[in-house]
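Just below is one structure, and these are the notes that go with it.
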Amino acid sequence: MQFPQALETVLQILERMRDENARRPCASRTVVDALKQIPSPREIDTLKGHAPSRPKNLGADSAAPSKMEKSDKIEQLASIQHRVAGCTKCPNLASTRTQTVFGVGNPDAEIMFVGEAPGADEDAQGEPFVGRAGQLLTRIIKAMGFPREEVYIANVLKCRPDTPGSAYGNRPPTPREMQTCRPYLMEQIDIIQPKVIVALGAVAVEGLLGTRAPMRELRGRWDSFNGTPLMITYHPAYLLRNQSPSEKRKVWEDMMLVLERLEKPISEKQRNYFL
Ligand code: SF4
């Protein structure tokens, strides 16, 4: 058993105990001894002859390049994707989804965009951010100077939230659903090791950080997710609902902060750009 699977097993046990209102965790000595034998990612790196993975708490300025080979990342992501495809931890979502929506993009991406959950288009196509909001996100990414394939895009939830009685419409994921699915996202981030994460909207922030606050208080400033710099900005769907140039400009200013953090040159045309 590898470290991520062991972690997920422990989380499943703890979730079950929480559901059963168990007061104290307990495990047999055999289980504890078996868990102690599992090498951590750092030990695996050392065993492979790699330098240990980039420690967290480093900003983009001081980040060392990832030591994990791209082929290893592809392999590990495929393994998680396989587990996600068969996941039934949220029975109502597993029974109503067309397919799971894992994530897409460059496993070596410097920027990782995280949204809340797949909608109807994503559920149908199996790729995050492919509907109207996704097309706007793709335009934003291109205006930043990246092809869409160069960044990584994922959601907190890998299944479309069900909408009982209606095949249409979307609903936000519940805190419980996000908490259940979050370990998959954490594994993705751990493997990709982006230099910057961009959280799209308040629900994504809640899924990542567990905090709730109005977006006007959250956006446009740096936060941190396990030591990786985290920029919070509006979800593109909000910009589709609110066509005000000032709101669009705010998102673009947030993206310029991301470019500055990555020490990317920003042209005059980009500085004057409005979405
Ligand atoms: S939302 Fe996540 S945890 Fe829930 S069934 Fe889908 S993949 Fe599993």
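Given a Förster distance of 25 angstrom, what is the FRET efficiency for A94 paired with M186, based on the Cβ-Cβ distance and rounded to 0.05? My answer for the efficiency is 0.80.
Stretching the chain fully between E149 and M256 yields a gain of 36.6 nm (0.36 nm per residue, less the alpha carbon separation).
Positive end of the dipole of segment 197-273 (Cβ unit charges, origin at the Cα centre): among L239, I266, L209, the Cα lying farthest that way belongs to L239.
Please work out the FRET efficiency for the pair R271 and S244, using the Cβ-Cβ distance as r and a Förster radius of 25 Å; give the result to the nearest 0.05.
On the way: r = 20 Å, r/R0 = 0.80.
Step by step, r from the Cβ atoms, then E = 0.80.
For S79 and R139, a Förster radius of 30 Å and the Cβ-Cβ distance give a FRET efficiency of 0.40, rounded to the nearest 0.05.
Just so you know, all these numbers are worked out from the coordinates, no wet-lab data involved. This one's a predicted model, so the numbers in the text were calculated from it and none came from an experiment. Don't worry about glycine lacking a Cβ; one is built from the backbone with ideal geometry, like all the others, and counts go over all protein chains shown.
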